[in-house]
Amino acid sequence: ALRMIDPRSLIYHLKASRFDAGIVLATAFSAVFISVEFCVLIGVFLSFLLAVPRAGRMLLTEFSISQGRKFAERLPEDERCKRIVMFGLEGELFFASASTLEAHFRTIEERMTDGTRVLLLRLKRVRNPDAVCMHLLAQFADRMSERGVAVLICGVRDDLYNAMLRTDFDMQAHEVFREQKVRFNSTKMAVRRAYELLGNDVCDPCTRLTMTEQAAHCSARQRV
């Protein structure tokens, strides 16, 4: 039995990650105390069982809109807009990520204020949508609408758009901007639409941003 063990490979897997170490130890334990015949099957089963939660990880990123209505990941010192809230999701949009997705939606709702009028949700980096998460997304969008917040969903790729069609996602109540060949184009369209919805009802940071843009434009014309 000892000849079947490669010490160098064993040490490599034990040091690689806790996930690999756990699988190796579980497989070794089952080989000694259960049977050699079933240890490989047990190792494969545990790999699958532990891999599902890892695949279900989803990231939430808050964005801020700067001069020229460009967006970037929000830094702690960036001033928050009181009218437009913008977040992006990244990860697998299937049942394993449902609890994480619900937590992210709660985080977005907590970020909302009484003055929030538009939510921009960027979904370009979500993959493999299924019925569970599509239902959660639809419920969340409906809750935002009930609060009087317009929901603009941008970066929607073909697989997500088709899932929306199959699940009867309300695209009349919530505007959807499909991903374009030009990078970030759908997000820019959504940002432009958000300001159209606001009209003159902008917050102080947006007002200062507009004034800065106008001053820069006038200065450029004077130089010409």
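The values are calculated or read from the model by the stated rules, or taken from the named source; none is laboratory data. Because the structure is predicted, anything quoted here is derived from the model rather than measured. Don't worry about glycine lacking a Cβ; one is built from the backbone with ideal geometry, like all the others, and counts go over all protein chains shown. Accessible surface is based on the protein model in full, side chains and every heavy atom, while ligands, DNA and RNA are left aside. Shrake-Rupley method; radii C 1.70, N 1.55, O 1.52, S 1.80 Å.
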Scan segment 146-160 and give yes if some residue there is over 18 Å from residue 196 (Cβ atoms), of a type in the set (D, E, K, R) and open to solvent by less than 40 Å² (accessible area, probe 1.4 Å), otherwise no. no
Residue check, residue 102 open to solvent by 40 Å² or more (accessible area, probe 1.4 Å), farther than 26 Å from residue 189 by Cα, at pLDDT 80 or above and acidic (Asp, Glu): yes
Being assigned to a helix (DSSP H, G or I), open to solvent by 30 Å² or more (accessible area, probe 1.4 Å) and touching a residue at least 24 places away in the same chain (Cβ under 8 Å): is that true of residue 113 here? no
Where residue 137 falls short, out of the listed (1) under 11 Å from residue 89 (Cβ atoms); (2) open to solvent by less than 40 Å² (accessible area, probe 1.4 Å); (3) touching an Asp or Glu at 6+ places or on another chain (Cβ under 7 Å): (3)
When segment 69-85 is checked residue by residue, the ones that are acidic (Asp, Glu), open to solvent by 50 Å² or more (accessible area, probe 1.4 Å) and in a loop (DSSP other than H, G, I, E, B) are 77, 79
Please name all residue pairs, on different chains or six or more residues apart, with Cβ atoms under 6 Å, provided the first residue is in segment 68-89 and is closer than 20 Å to residue 105 by Cα and the second residue is among the basic types (Lys, Arg). 83/117; 85/111; 88/122
